[in-house]
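Taking it in order: structure first as structure tokens, then the write-up.
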């Protein structure tokens, strides 16, 4: 699946435009997952991870203690602030919101704009959101970091449960 994403991300603009403008009910030439990512029993309770859970985990474990939830004078909050970037952490379907927020946070903090996009690589819809975000980020100079949720979700859940 990763190879397909790489191929699509460097494909000709015509191909990219075709994917981005496809209607939701139109087939997109990508393989669908063969099995669900997670199987849950009837008694299993799955707590949805919040964006702040992801931001806190990334700040602590990936960015070695970067600041989270940094309050700005207008009462908005930067998800993660490092020496070089103001990072907005958002789910893939909120890519446009993330783009605007990251630009505003960068201007407000005198840092570079960055987005950490929470992404399910098996979702065709998430792939479309990723391609849209990547196109805009390349044109505007926003740093884009994609987090494959299925790869890290168990670690973030375990870490969150230990904090509670």
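We did not get these values from a lab; they are worked out from the coordinates using the rules stated. Just so we're clear, the structure is a prediction, and the values are computed from it rather than from any experiment. Don't worry about glycine lacking a Cβ; one is built from the backbone with ideal geometry, like all the others, and counts go over all protein chains shown.
Computed quantities for the displayed model
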item	result
Packing-based order for 150-162, 120-132, 86-98, using average beta carbon neighbours within 10 Å, highest first	86-98, 120-132, 150-162
Inter-probe distance in nm under a simple model that places probes 7 Å from Cα toward Cβ, at residue 72 and residue 148	3.3
Difference of contour (0.36 nm per residue) and Cα-Cα distance, residue 158 to residue 139	3.1 nm
